[in-house]
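Report on one structure; see the data block that follows.
The values are calculated or read from the model by the stated rules, or taken from the named source; none is laboratory data. Since the model is a prediction, treat every value here as computed from it, not as a measurement. Positions of Cβ are generated from backbone atoms using ideal geometry, with glycine treated the same way; all protein chains shown enter the neighbour counts. Protein only, heavy atoms only, side chains kept; ligands, DNA and RNA dropped before computing areas. Shrake-Rupley method; radii C 1.70, N 1.55, O 1.52, S 1.80 Å.
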Amino acid sequence: MKTYRFDDPAFTLEEREEAIRALAERFRAASTIVFLTGAGASTESGIPDFRSPTGIYATASASLFEIDRFYEDPEAFYREYAPFYRKMREAKPNAGHKAIADLERRGGKRVEVVTQNIDGLHARAGSSATWEVHGTIRTATCVACGRRREESEFSADVMSGRAPRCECGGVFKPDVTFFGEELPAQAFAGAQRAMWEAKLLVIAGTSLQVYPAAGLPRECDAGTPFVIINATPTDLDFQSSLVYRAKIGEVLPAAVSAALGVE
């Protein structure tokens, strides 16, 4: 395991260049690259995480995404959810999202993204194979009749903190996995298959604490190289070829550019 401490004030320019080259070489060598991303991929777009001092739970109830609470009072959920939803709607893909999409588009590689994020920024950046294992804010389903609606049909209500209602009178629930719900079966199956076929796994912006998504790297074949880019340690650091104690935007765009031969 080689660890590059971008967070160390003593980290030199030469060490940074070595770190970028090492990851670029991994990208060039692998035919199939899978990214597993978490909240750290979105915080760089201004979207708060959940548990940090400035995260969602610093201003919202820790029970916000509990499914029983939603069913008990969906109107209260939407009033509390609205500020977070507005931040996600206003956010734009950052340099990390764009680098992953660029690697797929220009690198001649098969690139898939497995994400714990619900904001849709990977797809908006241009990644075509994205498995959203915790669901998405971009669609919603009526809890009464099962009708599904696209974001354009309910976003005005949600932005205003109102519960969107179906023609049948039922309330629409965001297609986000709440605590107490199963993960979306199709997305999770796609994520597992991506792990089985990965020739390189890049774990970016997640401390791998939330299961079952945190267990996905163990689906990879033995010997599949791991790379971790995260601000804090993870339980898989010791299994990884390269560990970057850094923000995604400090590492990924430069490494992808180097792999693509772009100055």
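Tabulated results
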read-out: Where ALA231 falls short, out of the listed (1) open to solvent by 30 Å² or more (accessible area, probe 1.4 Å); (2) over 22 Å from ARG28 (Cα atoms); (3) outside any loop (DSSP other than H, G, I, E, B); value: (3)
read-out: Within the stretch 208-228, considering residues that are farther than 20 Å from GLN116 by Cβ and in contact (Cβ under 8 Å) with a residue 24 or more places away in the chain, the one least open to solvent (accessible area, probe 1.4 Å); value: PRO225
read-out: Which listed residue is in contact with an Asp or Glu (Cβ under 6 Å, 6 or more places away or on another chain), modelled with pLDDT of 95 or more and over 17 Å from PRO93 (Cβ atoms), from VAL243, VAL227; value: VAL243
read-out: Residue within the stretch 241-249 that is more than 24 Å from ALA123 (Cα to Cα), part of a loop (DSSP other than H, G, I, E, B) and open to solvent by 50 Å² or more (accessible area, probe 1.4 Å) present; value: no
read-out: Condition broken by ALA163, with the remaining ones in (1) more than 27 Å from GLY96 (Cβ to Cβ); (2) of a type outside the set (Val, Ile, Thr); (3) open to solvent by 20 Å² or more (accessible area, probe 1.4 Å) satisfied; value: (3)
read-out: Filtered residues of the stretch 186-231 (kept if of a type in the set (S, T, N, Q) and touching a helix residue (DSSP H, G or I) at 6+ places or on another chain (Cβ under 9 Å)); value: GLN192, THR206, SER207, THR224, ASN230
read-out: The lone exception for CYS142 - which of (1) buried (at least 18 other Cβ atoms within 10 Å of the Cβ); (2) touching a helix residue (DSSP H, G or I) at 6+ places or on another chain (Cβ under 9 Å) it fails; value: (2)
read-out: The stretch 192-205 - residue that is over 10 Å from VAL114 (Cβ atoms) and in contact (Cβ under 8 Å) with a residue 40 or more places away in the chain and, of those, surrounded by the most Cβ atoms within 10 Å (Cβ to Cβ); value: VAL202
read-out: Looking only at the stretch 3-21, and only at residues there that are part of a helix (DSSP H, G or I) and out of contact with any strand residue (DSSP E or B) (no Cβ under 6 Å at 6 or more places or on another chain), the one that is least open to solvent (accessible area, probe 1.4 Å); value: ILE20
read-out: Top-ranked residue of the stretch 166-188 - restricted to ones that are among the small types (Gly, Ala, Ser) and more than 27 Å from the chain's Cα centre (by Cα), ranked as most open to solvent (accessible area, probe 1.4 Å); value: GLY169
read-out: Only listed residue being at pLDDT 95 or above and farther than 25 Å from LEU236 by Cβ, chosen from GLU80, GLU75; value: GLU75
